[in-house]
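Have a look at the structure below before the remarks.
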Amino acid sequence: MDDSLLKKNKEVVRRFNEEVIQNGNVEVFNDLMDDDFINNSAPEGGDKTKQGMIHTFNAILRPAMPDMKVAIYQQVAEGDWVTTRKNIKGTHSGVFLGIEATGKEISIDVIDMVRLKNGKYIEHWGINTLSAVLAELRK
């Protein structure tokens with residue numbers, strides 16, 4: 001695959017992380033999401049569509065940590081896939097999955113694999129440290 005396309009795909013994923021996850025920009029979200037998107041890492045019984053994904057960012061994460069920042073540590077692109085190792089960090093200043101605000105820093109490490117189709121997210125797989133973070137907040 002052409003190196004310029006790999007760079008372009010990585011830029012789409014970087015833009016998604018900065019403008020959508022960090023800044024909550026729904027217009028950019030809609031621009032970058034294919035209508036047939038599937039989130040293979042959604043919780044059991046959860047919404048695997050693009051609506052489920054934006055709900056996670058803007059109705060769960062953002063209210064819990066309005067100062068949320070995303071740091072991308074590494075990206076690897078191959079074919080139409082981009083893998084990103086990143087961290088989502090913020091202050092726990094709102095209710096987070098039933099846990100009242102603690103004022104503690106939340107730091108979630110994430111590795112995502114995103115498949116792109118025509119410059120848009122079509123498929124997502126990911127692993128993260130959210131369960132460990134929630135266990136720590138419940139102490």
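The values are calculated or read from the model by the stated rules, or taken from the named source; none is laboratory data. Predicted model, so just to flag it, every value in this text is computed and none were measured. Cβ atoms come from the backbone with ideal geometry, glycine included; neighbour counts cover every protein chain shown. For accessibility, only protein heavy atoms count, side chains too; no ligands or nucleic acids. Shrake-Rupley method; radii C 1.70, N 1.55, O 1.52, S 1.80 Å.
Highest mean packing comes first when the peptides 117-129, 53-65, 11-23 are listed by Cβ atoms within 10 Å, giving 11-23, 53-65, 117-129.
The HN-Hα couplings worked out from phi for the stretch 124-139 by the Karplus form 6.51 cos²θ - 1.76 cosθ + 1.60 (θ = phi - 60°) are 9, 10, x, 10, 8, 9, 4, 4, 5, 5, 5, 4, 5, 5, 7, 5 Hz, whole numbers, x standing for Gly and Pro. Considering only Cα atoms, the convex hull volume of the stretch 30-76 works out to 125 Å³ per residue. Considering only ILE106, GLY79, GLY46, the residue lying farthest towards the positive end of the dipole of the chain is ILE106, judged by Cα position with unit charges set on Cβ. Rounded to the nearest Hz, the phi-derived 3J(HN,Hα) couplings of the stretch 28-36 under the Karplus curve 6.51 cos²θ - 1.76 cosθ + 1.60 (θ = phi - 60°) are 5, 3, 5, 5, 9, 10, 6, 4, 9, where x marks glycine and proline.
Where Lys and Arg each count +1 and Asp and Glu each count -1, what net charge lies around ASN17 among other residues with Cβ under 13 Å from its Cβ? The partial results should precede the final answer.
Values: positive: LYS10, ARG14, ARG15, LYS69, ARG85, LYS86, LYS89; negative: GLU11, GLU18, GLU19, ASP112.
It works out to a net charge of +3.
Note on the chain: lysine pairs with Cα distance below 17 Å, sequence gap of 8 or more or different chains, count 15. The spread of Cα positions in the stretch 53-108, taken along each principal axis and listed from longest to shortest, comes to 42, 21, 15 Å. Across the stretch 79-91, computed HN-Hα scalar couplings (Karplus, 6.51 cos²θ - 1.76 cosθ + 1.60, θ = phi - 60°) run x, 9, 10, 10, 9, 10, 9, 8, 9, 10, 9, x, 8 Hz from first to last residue, x flagging Gly and Pro. Considering only protein heavy atoms and a 1.4 Å probe, what is the carbon-and-sulfur percentage of the accessible area of the stretch 26-77? Within the stretch 26-77, the accessible surface is 52 percent carbon and sulfur.
Taking other residues whose beta carbon is less than 12 angstrom from the beta carbon of PHE37, and scoring Lys, Arg as +1 and Asp, Glu as -1, yields 0. Computed from Cα positions, the angle between helix 3-15 and the longest principal axis of the chain comes to roughly 20 degrees.
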